[in-house]
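The values are calculated or read from the model by the stated rules, or taken from the named source; none is laboratory data. What you see is a predicted model, and the numbers here were worked out from it, not measured in a lab. FYI the Cβ positions are ideal-geometry reconstructions off the backbone, even for glycines, and counts take in every protein chain you see.
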Number of protein chains: 2
Amino acid sequence: MAGIKEVAEEAGVSAATVSRALRGFHHVNAATRAKILAAAEKLDYPIAPIQNKSALGRTNSIGVVAPYISRWYFAQVINGAEQALREAGFDLLLYNFSQMKGRERLFQHQLLKGRVDALIVISLPPTEEEFDSMLNLGIPVSLVGMHHKRCSSVAIDDVASSRTATQHLVNQGHKKIGLMSGRPDNPFNFSVPQDRRKGFMQALAENGLEWVPSREVHGDFTMHTASRAMDDLLARPNRPTAIFCESDEMAFGAMQAARRHGLKVPDDISIIGFDGHEMAEYSDLTTMEQPVQLMGEMAAWSIMERIRKPSAEPHSLVLPTTLVVRNSTRRLSPNEA
Amino acid sequence: MAGIKEVAEEAGVSAATVSRALRGFHHVNAATRAKILAAAEKLDYPIAPIQNKSALGRTNSIGVVAPYISRWYFAQVINGAEQALREAGFDLLLYNFSQMKGRERLFQHQLLKGRVDALIVISLPPTEEEFDSMLNLGIPVSLVGMHHKRCSSVAIDDVASSRTATQHLVNQGHKKIGLMSGRPDNPFNFSVPQDRRKGFMQALAENGLEWVPSREVHGDFTMHTASRAMDDLLARPNRPTAIFCESDEMAFGAMQAARRHGLKVPDDISIIGFDGHEMAEYSDLTTMEQPVQLMGEMAAWSIMERIRKPSAEPHSLVLPTTLVVRNSTRRLSPNEA
DNA sequence: CGTACTTTTGCAGTCGCTTGCAGAATTATT
DNA sequence: AATAATTCTGCAAGCGACTGCAAAAGTACG
């Protein structure tokens, strides 16, 4: 109810002075400021006042775009970003795009124009065209979980990390290694599946292991599809002794399917995941852990920095991953391999 | 860059007409509208234009407040709400309050004033005082996961659902039933722990079962603390044959601890959870499923309805829960009980 | 006490869009 | 064709803050 005017009147000054006093800029007499603060207090007017988009030209809020906000990974990143943003006084506008139909509207900036001061895009590789649109908005854009030369980003090295994960299996004596990867035709065109697959292949190649295509199945990064895919894989002849899953959730699905088929993990089959999902510990899943929450925070800081000085060059940040060895993988004795 | 003015000029009409045309109100000649649309298109001006808070008096965005946005339950509710809001053209502002310090500022509406048209509060029971503040904002407030006479809400019947869950254990012949509940001194003062505990106690009483206090341990709704708490419980004499966990995540922790202690679920101990967590299926956990996503959607619709007609009475909605029986609970033979 | 600075403050214009009102253009009626 | 009824459209006044400019008030100094 109470606006800047009411406060001004209450304090016996002009609205302009109230605006200045509350923002701390310019010169305002200490006594006057005190009066104004008292008045604001009395009228329950926020000390950090309602910013006004039209006057300010900015909204003080930052958009976060993600394809599935309720999946663990995204929720974590968002959480990290939220914390950093809130701390710095920004609001966070959430844009979810599990439905493809939204994407178009989003990237054609119908939705974003003028509503946010910057954009954090999580794991959703825009096409070059969409990129043009986004950059045309004239606001900084920051990517999480992927890179692009035209804007800042925070990510891990998916290729190297996958290679390390796969190498772990090799080190444990596995030679017949299966791959649970993302669907090559995923609608969002995520880059993660390709990258992790690439790292996997590299590790195989480096160790002189032959790649057998029938050892690969696809899922969409959910437990459910992974579980089905695993059924499929296990039904095939010449079963692998270990499986690299491109995400922990898929690894969970794989483990479940394995159990359903009467296989023990890791006795009968080793499974390694990727992400460092909260439940990995519970499931005793060996996994490649990525600093999810931190990625959100870094993206937030980085983009706020760019809001401050828009001229700054975009820069990409690569955060380290950690192999966490648990008991879903085991060493194969030479005669088992 | 392009504003309504530019579009107006391009189309050879006044800004006012553009505004009207793009909003679809009032009468605008079809031909004129076409010209305007063409101009907008050409200049890349959003068809759904940037609403202007000062002129409109509203922001077209709705705040969602939750204590832990990255926990499964909250992420699901938020997801549901986001979908409904987006569909209706609202933006969603996310407020996370894992840190208590934020709470104060939030409810003293320093943060919210003028930034949102309505507020959805998830599982965070405000004190009466905070309630006053919120309602003073003059915007509709809707609660998820709890009720309050002074505003609309969407929730399940925690008491009845817990009673049903517990009854399930009783029906399976369990007499020594343990309880994994939320900490009574939880900082947010959640109502859920009390309610679920109450339902549990009711079931016991109705079946003439004695309540043994040493069969209760507390967690904070995370797997981790639950796991520790379970260690504690299992170390005590006269171990229960079944345990009701107030959340699935706690149930996961309990299952993990049980396994660690060499106990098989459900052979040695039955465990039932609450929530219908995505991973419950994977863990074969019997649980009381609540329609999480739906709750978010309903809250969103309900609050948008109240934005439309602010005079409407607040109403509370109770959604049904479903007992999903899996294999973490088993029937006890009479001589085991 | 008058002059020259500084600091403080208010006026009025602005931001980008909405909207009441009334005049203009179009269509209908007689 | 003149008048009335409708439908469009533009003008201008907001909305609620921010801010450049200049006047007002306060200080310093001679």
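Just checking, does region B:42-50 include any residue being modelled with pLDDT of 95 or more and facing chain A (nearest Cβ under 7 Å)?
Taking every residue of region B:42-50 in turn, none turns out to be modelled with pLDDT of 95 or more and facing chain A (nearest Cβ under 7 Å).
When you scan region A:65-79, do you find a residue that is of a type in the set (A, V, I, L, M), within 16 Å of DNA strand C (Cβ to nearest atom) and within 8 Å of chain B (Cβ to nearest Cβ), even just one?
Within region A:65-79, not a single residue is of a type in the set (A, V, I, L, M), within 16 Å of DNA strand C (Cβ to nearest atom) and within 8 Å of chain B (Cβ to nearest Cβ).
Just checking, how many residues over region A:112-132 are surrounded by fewer than 18 Cβ atoms within 10 Å (Cβ to Cβ), within 12 Å of chain B (Cβ to nearest Cβ) and not acidic (Asp, Glu)?
Of the residues in that region, 0 qualify.
Any idea which residue in region B:51-64 is farthest from the chain's Cα centre (by Cα), counting only those that are more than 10 Å from chain A (Cβ to nearest Cβ) and within 29 Å of B:Leu294 (Cα to Cα)?
B:Arg58
Looking only at region A:1-49, which residues are more than 9 Å from DNA strand D (Cβ to nearest atom) and polar (S, T, N, Q)?
Hit for region A:1-49 is A:Thr32, nothing else.
Residues of region A:156-181 being under 20 Å from the mean Cα position of the chain (by Cα) and surrounded by fewer than 22 Cβ atoms within 10 Å (Cβ to Cβ), which ones?
A:Asp157, A:Val159, A:Ala160, A:Ser161
Assigned to a helix (DSSP H, G or I), under 25 Å from A:Arg306 (Cβ atoms) and among the charged types (D, E, K, R) - does that describe any residue in region A:150-161?
So far as region A:150-161 goes, yes, one or more of its residues are assigned to a helix (DSSP H, G or I), under 25 Å from A:Arg306 (Cβ atoms) and among the charged types (D, E, K, R).
So, in region A:264-293, of the ones that are within 13 Å of chain B (Cβ to nearest Cβ) and among the polar types (S, T, N, Q), which residue ends up surrounded by the fewest Cβ atoms within 10 Å (Cβ to Cβ)?
The selected residue is A:Gln293.
Pull up region B:7-25, narrow it to residues that are of a type in the set (D, E, K, R) and near DNA strand C (Cβ under 8 Å from one of its atoms), then point me to the one that is surrounded by the most Cβ atoms within 10 Å (Cβ to Cβ).
Among them, the one singled out is B:Arg20.
With A:Phe90, A:Phe97 as the choices, which residue is among the aromatic types (Phe, Trp, Tyr), more than 8 Å from chain B (Cβ to nearest Cβ) and farther than 21 Å from A:Asn186 by Cβ?
A:Phe90
Being within 30 Å of B:Ser153 (Cβ to Cβ), within 16 Å of DNA strand C (Cβ to nearest atom) and not polar (S, T, N, Q) is true for just one of B:Gly89, B:Gly3. Which residue is that?
B:Gly89
Look at B:Glu313 and say whether it is at pLDDT below 95, within 14 Å of chain A (Cβ to nearest Cβ) and out of contact with any helix residue (DSSP H, G or I) (no Cβ under 7 Å at 6 or more places or on another chain).
Spelling it out, it is not the case that B:Glu313 is at pLDDT below 95, within 14 Å of chain A (Cβ to nearest Cβ) and out of contact with any helix residue (DSSP H, G or I) (no Cβ under 7 Å at 6 or more places or on another chain).
Collect the residues in region B:26-59 that are surrounded by fewer than 18 Cβ atoms within 10 Å (Cβ to Cβ), within 23 Å of B:Met134 (Cα to Cα) and of a type outside the set (Gly, Ala, Ser), keeping them in residue-number order.
Matches in region B:26-59: B:Leu56, B:Arg58.
Inspect region B:176-195 for any residue being within 29 Å of A:Glu281 (Cβ to Cβ) and within 14 Å of chain A (Cβ to nearest Cβ) and give the result as yes or no.
No, region B:176-195 contains no residue that is within 29 Å of A:Glu281 (Cβ to Cβ) and within 14 Å of chain A (Cβ to nearest Cβ).
Any residue at all in region A:69-90 that is within 16 Å of DNA strand D (Cβ to nearest atom), out of contact with any strand residue (DSSP E or B) (no Cβ under 6 Å at 6 or more places or on another chain) and at pLDDT 90 or above?
Within region A:69-90, none of the residues are within 16 Å of DNA strand D (Cβ to nearest atom), out of contact with any strand residue (DSSP E or B) (no Cβ under 6 Å at 6 or more places or on another chain) and at pLDDT 90 or above.
Being touching a residue at least 24 places away in the same chain (Cβ under 8 Å) and assigned to a loop (DSSP other than H, G, I, E, B) is the filter; apply it to region A:123-138 and report the residue that is nearest to the chain's Cα centre (by Cα).
Residue satisfying both the conditions and the ranking: A:Ser123.
Quick check on this structure: which one of A:Ile69, A:Ile78, A:Ile120 is assigned to a strand (DSSP E or B), in contact (Cβ under 8 Å) with a residue 12 or more places away in the chain and closer than 26 Å to A:Gly145 by Cβ?
Step by step, each of A:Ile69, A:Ile78, A:Ile120 is checked, and only A:Ile120 is assigned to a strand (DSSP E or B), in contact (Cβ under 8 Å) with a residue 12 or more places away in the chain and closer than 26 Å to A:Gly145 by Cβ.
What are the residues in region B:272-329 that are under 26 Å from B:Thr59 (Cα atoms) and aromatic (Phe, Trp, Tyr), if any?
The answer is B:Trp301, and nothing else.
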